[in-house]
Amino acid sequence: MDGVEPTPRALSLTEWLRRRHDRQLAGLLQLRPDLALPVPPDVTSLAARLGVRTSTQRAVDGLDAYTLRVLENLVLAAGPDDTVVDAVDAVTAPAVEELFDRALIWGDPDLVHLTATVRDAVGPYPAGLGRPAAMLFGQVPDVQLVPVLRALGLPPTAQPRAGSVVAELFTDPQWIADQVAQIEPGEREVLDRLAAGPPVGSVRNTRLAATDTELSPPHRLINRGLLVPIDTQRVELPREVGLALRADAATGSPTQPPQVRLVEREPAELDRLGTTAVLETLRLVDALAKSWTAQPPSMLRSGGLGVRELKRTAKDLGVDEATTALIAEIASAGGLVNSTNGPEPVFLPTTEFDLWHSRDTAQRWTSLATAWLTMTRQPSLISMRGERDRVITALGPDAERGTIPALRRQVLDHLARLAPGSAPAERSEVLALLAWHQPRRASGQRNLVEAILAEADLLGVTAAGGLPGYTRTLLAGSTSAAQHALDRALPDPVNHFLVQPDLTIVVPGPPEPAMGIQLALVADLESTGGASVYRITERSVRRALDAGRTGDQLATFVATRSRTPVPQALRYLIDDAARRHGVLRAGVAGAYLRCDDESLLTRVLSDRAVAALNLRRIAPTVVIAEAPVTRVLAVLREAGFAPAAESPGGELITIGADAPRSPPRPAARTAVTRGAAGTETQLTELVRRIRSGDALAGMDHRVHPIAQQIPGVTSAATMEMLRRAVREAQLVWFGCAEADGTTTAHTIQPISLAAGTVRGYERGQSGLVSYPVHRITSIRVLDEDEDDLGKDSYVGESE
């Protein structure tokens, strides 16, 4: 518009950041959350953090293949002052905007500046191209360039140096094309391989005599100047030659991610497939708790579960060791198992496990899935060799990987972008997709991504490679909605079973929780799947009797739950076990045994299996032992007897019905980082604090001079200024020290001052706000024409 002066260009990164809109700064903190740890006090500090090498490296490594190639091309085109003029066109504009959003470049589209350390983060070979010929030949001694001069028909020269003479030829693209056209196929193969990147190759000896008749293709290329030796064993392809060999040097990467071949299914089918794994996961967690309750594994001195204990637990669960390690890690992350305190700690289920076990299926699974998503543990590393060639153990410290939660989320987010019911045809499709989105991390993450996909399939987070509906809902952030979706997908719980003549029980679906608990007590699980198969044995019936059930209760349970007639053999088994149970009784005396059947006591005393108890007969029907009563009961039951505990009054009691438990596990470490940018509200608050600190740093010296006072000491002048502002309804500007040490600026109209707190209305805030007076570091009462104080420091707050 005529008469309107154009906005001058930003002359520094700090000035450019100040001109960015608040939404753009919030987006920067979301894309690069490490910049907000801790919260920068002002824009100047934020600009300084953008130049930190590790932060820049992390941001560059997170670029997709096309945006990375655009950044590499900008690095190639940048001059010594790291600026690029008119390097943006309609094709590259979206990628350049992404680079602006990440503050890897700054300025304007027609004059781009590289942020400090970007060139170092990209590396010495941007886009896989070597260094310019002038730089390479300038490092080669003149005597070593004599064969090159001779091959190119150039006379020996001393001034300028031979390297400069040869490099001058590479400024002519036609000359390079003519040289490439004259080489042999073997030599062209070498050049093509280096042109694809990286541009450095190994040669046995780069200084062979030019007169040698048996020169290899790389040596002939060295003599022609198309390869430049950088030491005695390595050569580098000049950038000009690499560009000539590439047909699409500037757009070497596709602008869109690779297409994924999909297998289409009904969403309900994926849900059905997933629920099978969900039920199996819950069964394995229950089995793990049962196994560790019966025989708690010891914790190693270095922390974690020993190899032998892992193998034993895997045998109890009926799965391989890798699956057992995964289940143990998830149960630990979910707070369901923990180590006990004491000189010889063991792993046991926690008190939280009993609460978790009482919940319904959907609630139990979503808690496990959430624990897996957020835990900083990588179960696939277990049993591998780590640092110092030491085996990585389950629940040990060496399986910690702080970046794995973000990678899990990234993998699942890519699957979530597919249509419901769709799944990649092969896992390699997912790997190729992830490689395009983060090519610089692809090689190091391939094995981790494969392990994540395998774990997700096993846990029911994915099914047949795709995301079931309940997982999509869980990833969207609604746990209750995910539980509801899973409830609908799960088969209806059954309250009955089928008893077979061979004393097996078939449950045609997931059992109701109450029935499942009783069934697990009276029978042993043999197989799972769409239907579960249990087997009743004398040992399992004794287990139920030991837990306090009576023979009549067991018989009634089987009769009322079975849809088939109860076999007579099962009735006999229960009646016989109940009749013999408790005939032999133990009590506290060290411990004692009493039995009206003297012959039975005689058999006990003569049994070698119970010799370790050191039993001693003190009466025809009474025997005492040195071991505690729980030990006596366990040994006798292991020897095949059926003792029962009794109270001092002679009544049958149940000992050990409450399973041993470890203390609750502290909250597991998750991917949430202290102070990291998260929700939109948090991002807005971070930007507000940065803007406030910037405004405070730029205030003139007219601010009331209490900024030098020690925080926590309130001056009388400050109180008087606040009281006057309340009486006269004046606007007040002040700086406030936050808990993390940063300082924020606020402009409020105070309405009250009491109990060391000033309350009032603040611009941009809804409702009343309050601030402790002892945190005020500087203060100023604004004049009527100054009620817009700080707007210049809030450029971008409103468009």
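The values are calculated or read from the model by the stated rules, or taken from the named source; none is laboratory data. These numbers were taken from a predicted model, which means no experiment stands behind them. Every residue, glycine among them, receives a Cβ derived from its backbone with ideal geometry; neighbour counts consider all protein chains shown. Each accessible area value is taken on the protein alone, full model and side chains, heavy atoms only, with ligands, DNA and RNA left out. Shrake-Rupley method; radii C 1.70, N 1.55, O 1.52, S 1.80 Å.
Which one of LEU768, LEU13, GLN445 has its Cα pushed farthest toward the positive end of the charge dipole of the chain, where Lys and Arg give +1 and Asp and Glu give -1 at the Cβ?
Looking along the dipole axis, the top candidate is GLN445.
Any idea what the dipole of the range 491-621 comes to, in debye rounded to 20, about its Cα centre with Lys/Arg Cβ at +1 and Asp/Glu Cβ at -1?
Details: 16 positive and 14 negative charges, 90 e Å.
About 440 debye.
How far apart, in nm, are the 7 Å Cα→Cβ label points at LEU152 and ARG390?
5.7
Can you compute the FRET efficiency between THR564 and ASP61 using 1/(1 + (r/R0)^6), with r the Cβ-Cβ distance and R0 = 60 Å? Round to the nearest 0.05. Intermediate results must be reported in sequence, preceding the final value.
Numbers: r = 62 Å, r/R0 = 1.04.
My answer for the efficiency is 0.45.
Pop the C-beta distance of ASP354 and SER443 into the FRET formula with R0 = 41 Å and round what comes out to the nearest 0.05. Let's see the in-between values first.
Details: r = 45 Å, r/R0 = 1.11.
It comes out at approximately 0.35.
Relative contact order of the chain, please, whole-number percent, based on alpha carbon pairs below 8 angstrom and at least 6 residues apart. Please list the in-between numbers first.
Details: 1235 pairs, mean separation 97.4, N = 799.
Relative contact order comes out at 12 percent.
Ignoring ligands, DNA and RNA, how do SER358, SER302 rank by accessible area with a 1.4 Å probe, largest first? List each step's numbers first, then the result.
Details: SER358 90, SER302 65 Å².
Descending order: SER358, SER302.
Any chance you could check the Cα centroid distance between the range 57-115 and the range 524-599 for me, in angstrom?
So the separation of the two Cα centres works out to 75 Å.
Suppose every K and R has +1 on its Cβ and every D and E has -1 on its Cβ; what is the size of the dipole of the chain about the Cα centre, in Debye to the nearest 20?
Charge dipole, the chain, about its Cα centre: 2780 debye, nearest 20.
Which one of LEU111, LEU412, TRP175 is farthest out on the positive end of the charge dipole of the chain, using unit charges on Cβ (Lys, Arg +1; Asp, Glu -1) and the Cα centre as origin?
The one lying farthest along the dipole's positive direction is LEU412.
Which GluC sites (Glu not before Pro) in the range 419-475 pass both tests, a DSSP loop state and at most 15 other beta-carbon atoms within 10 Å?
Taking the range 419-475 and a limit of 15 other Cβ atoms within 10 Å, the loop GluC sites (Glu not before Pro) found are GLU426.
With a 1.4 Å probe and all protein chains left in place, how much accessible area per residue does the chain have, in Å²? Please report the intermediate quantities before stating the final value.
Numbers: 39860 Å² over 799 residues.
So the chain comes to 50 Å² accessible per residue, rounded to a whole number.
Find the relative contact order for the range 474-549 and round it to a whole percent, using C-alpha pairs within less than 8 Å whose residues are 6+ positions apart. Let's see the in-between values first.
Numbers: 88 pairs, mean separation 17.4, N = 76.
Rounded, it is 23 percent for the range 474-549.
Which residue, chosen from PRO750, THR681, THR44, occupies the Cα position most advanced towards the positive end of the dipole of the chain, where the dipole is computed from +1 (Lys, Arg) and -1 (Asp, Glu) charges on Cβ about the Cα centre?
THR681
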